Structures are given as C-alpha cells and as structure tokens.
Amino acid sequence: MVLSNDRVDDDRTVRRRLPVPGRVAGRVSWTVVDQGLSAASNFLLAVLVARAVDAEAFGAFSVAFLVYSIVVAVNRAAVGQPLQITFAAEGRRQFRSAVRSALGATIALGVVAGILTAATGLLLGGQTGQALVALGVVLPGLMVQDICRMAFFAAGQPARATAIDALWTVAMLVGLIFAQSDRADVWLPVLIWGATGLMSALYGLYLLDTVPRLRGSVRWVVGQRKLTGYLLVEYVLSQGLAQWGILAVGVWGTAAGVGALRAGQVLLGPMNILGTAAFMFAVPEVARRVAFSPAGRMRFALVVSSVLGLAGVLYASVLLLLPSAWGQQLLGDSWSGAQMVLLPLCLLAVVAAAATGPVAVLYGMGLAKLTLRVNLLRAPMLVVGLAVAIPLWDAVGAAWTLALVEAALLPIWFLQLRRALTRLTVED
C-alpha cells in the first residue's frame, strides 16, 4: 500500500487471485513466521551473550534490553498502534502519508530517548553503564525498524516484515559470531545488535518506498491524541509498571535478579512468538473489517485465546521438565537464576496468551477507553505486589506477582469484550 506503483499493482493482482480465506491464511502464516524470526533473533542474542559473560554482566545486558523494550513499547503506543488502528483501512495516499509522519516522529523520539539513555549510562558507569551507552547510540535505528514492521502489518503485508527481520537475524548472527573473543565486553553485542537493526530498518524503508517526514510529525502524533492518550496511559498502567518493576529488581534486589528474569523470558520465547504474532495480525485485521459482526468478533477472540492458551500449556509443560544439564548448556551461569523464576513466568505466559483474543479485538475496535479500565485495576495490584515482593524475595517475588495479577485479570478481559459487543449489538 505504500510501495511503488509497479509493486503495488503486482501485489493487488496476486491478492485478487486469492479467495478471502487464502489471503487471511497467508497473512497469518507470514505473521507467525515473522514473529518466529523476531523471537529467534532475541533468543539467539540472549543465549550468545549469556554464554559469553557471567551472570552479573548478563544482568547488565538485560537492563539495557529492558530499557529498549520500554522505549519501543512507548513508541508503539504513541505512533505504531495509532497507525495500525486508524489508518489500516485508509487508501494508499492517506496511508503513505501517515507512515511518513509515523517514521519522522519515531526518529525524533528515538534521538531524545537515545541521548537520555546514553547520559544515564555515563552517570551509572560499570557494566550496566556501558550497556546503556551502547544502547543509546543505536536506539533510534532500532525504533525505526520496529515501526517499519508495524507499517507492513497495517498494510496487510507481513511477508515484507519477515524480510527485514530475516536480514536482521542473519546479519546479527554473523556479527556476533565473528566478534566472539575471550574478552566479553557487554557493550559490543549491544552495538552489533543495534547496527544490524539499523541495516534492517534501511531495508524496510526501501521496501516501503518512502522517506520519513520530520516536519509535521509531532503535529501528526498530536492529531492522534484521543487514541494515543489512552494507549500511553494504558501502557504505563500495564506493561510499563511490569517492566519498571523488573528494573526495580536491580535497585531493590540484584542485577543478577534482572538477568534471571530475562533468562526465563528467553526460554519462553517460543510461546511469545504465537502470542505476539496473533496480536500483530488480529488488531489490524479487526480494524480493517468494519462490517465484522459482534458475534463474529467474539468467536474470533475465543478461537485466538483457545489456540494460544492450549499451545502455551503444552509448551510450558515441556519447558518445566527441561533437564538441568540442557539449561546449563544453553544459558551457562544464568540457568540457575532462570530455574527459580521459571514456574511463575510459565504461568504468566499462559495467562497472557489466553487473554490475547479479547485484548486484540478491543484494540482493533479502537476501544482504548475500555482497555484502560482494566489496566486501572492492574496498576495498584502491581505497585503494591511488587513493592512488597521484591525486597523480600527478589526476582522470584516479582515473577509471582506478575503472574498472579495477570491471572486475576483474565476473566475481566472477556467480560469487557462481552459488554462492548452487547452494546454494539443494541446500537445496530
């Protein structure tokens, strides 16, 4: 939708040949493949770093990765999700203009975030400081890469998102393998990861056949403020608090505790592939189908949640039975910490997978006000739980708090979706 005319015509010809189920199945397949590549890239990055450094240095790397995750999530709420929700059903010209503004806003936010991150690293010093300085240098490119991916999903072209992630994965692996040495400085893999992410971002811009527009980009973000305001507040109340809670483990607990949580998350990467893929597919799919009936949306949510929940239970069962020797071989010194938090993190992942259906449908309908209500319940539960658990039980306490809060909210997500669809039925 934002490609050159020849490529757009070719793509439209192919889509006209496919029946609707074929097009949907194709988007689902490519979305899953793309998320697999993205998760594999993060998994291999974490494994290579964990095997090359001790648990404390891996904790420093984990802090940098978590900061990256927070900044990218904020940018998605402010830029990426409004792009998907508001402009997925627009014409080519309007969508192309929105993508240019979204990219420009991302670059501006990335530069500011990069400067603040690097400055924080210089103040902290040590291995954590080195990792944050390196992250600050590469952060703008990483953020542009993520918005390129979201633009392809919004355009119904997940195959192109897969292409740029494939480039990133291969280039990163080559760089990390050639950079292996006896002296494992934590800043080096961060720089390699970011530099190859920038390569992927440039390839994404080529496939989008567009140039970021800095002028007016802030005005474009402000223009989405009704949706962005809810999404940003919602992020702070949900994922933001959870991620800041993990960072708090490094303050009230130990940096090794942050590394333990990250190592456990790495092992759960394959579970997150399906969950993230389903969410990235479902939000623009629901937004695009303006004639989707309320009953059809509920069935859609139930199917997504049932499939993901069952897959999560099966994978968690296998993971919990993983022999210690295998885990040690995979994660090195970080395996012992991962073992301690693995059970609650598995529970967290299964519950999050089961909640994907109603959350994605509510997002796709643009009902950020309703999702905000759920997160207003989550916030005090997380704050109180983490404040009590982290000083007493370090990473284990944080993991159990996150899991139990999500489990308590699961039925509420379905209740909110049911109420929204009931209201829609009455209005029709």
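Here the range 252-300 has an Rg and Dmax of 17.7, 51 Å, counting Cα atoms alone. Were the residues from Leu321 through Thr425 laid out at 0.36 nm apart, the gain over their Cα-Cα distance would be 32.8 nm.
Note on Leu116/Gln329: beta-carbon distance plugged into 1/(1 + (r/R0)^6) with R0 of 51 Å gives a FRET efficiency of 0.85. Centre-to-centre separation between the Cα atoms of the range 230-246 and those of the range 94-120: 20 Å.
Across the range 333-424, Cα pairs under 8 Å and at least six residues apart give a relative contact order of 43 percent. For the range 226-428, the alpha-carbon radius of gyration amounts to 1.08 times the rule-of-thumb value 2.2 N^0.38 Å expected for a compact globular protein.
By the count of other C-beta atoms within 10 Å, a proxy for reagent exposure, Trp193, Trp220 are ordered fewest to most as Trp220, Trp193.
Note on the chain: Cα Rg divided by 2.2 N^0.38 Å, N the number of residues, gives 0.95. Full extension of the segment from Ser336 to Ile412, taken as 0.36 nm per residue of separation minus the current Cα-Cα distance, would add 23.9 nm.
Computed from phi, the 3J(HN,Hα) profile of the range 106-121 under the Karplus parametrisation 6.51, -1.76, 1.60 (θ = phi - 60°) reads 5, 4, 4, 5, x, 5, 4, 5, x, 5, 5, 5, 5, 5, 4, x Hz, with x in place of Gly and Pro. Across Thr106, Thr120, Thr169, mean-square fluctuation computed from a Gaussian network of the chain (C-alpha pairs under 10 Å connected) peaks at Thr120.
Give me the net charge of Pro344's neighbourhood, meaning all other residues with Cβ under 13 Å from the Cβ of Pro344; Lys, Arg count +1, Asp, Glu -1. Once all neighbours under 13 Å are counted, the net charge is -2. Distance between the modelled labels on Ala387 and Ala108, one decimal in nanometres: 3.6 nm (7 Å Cα→Cβ projection). Hydrodynamic estimate: the Kirkwood radius of the range 107-248 over Cα pairs, inserted into Stokes-Einstein at 37 °C and 0.692 mPa s, corresponds to D of 194 µm²/s.
Taking Pro358, Pro344, Pro323 in turn, the Gaussian network model of the chain (Cα-Cα springs below 10 Å) assigns the largest fluctuation to Pro323. Gaussian network model of the chain, Cα springs within a sub-10 Å range: biggest mean-square fluctuation belongs to which of Ala119, Ala354, Ala39? Among Ala119, Ala354, Ala39, the largest GNM mean-square fluctuation belongs to Ala119.
Among Leu370, Leu348, a tally of other beta-carbon atoms within 10 Å of each Cβ gives an order, fewest to most, of Leu370, Leu348.
Computed from the coordinates by the stated procedures, all read-outs in this text should not be read as laboratory data. These numbers come from a predicted model, not from an experiment. Backbone-built Cβ (ideal geometry, glycine too); neighbour counts: all protein chains shown.
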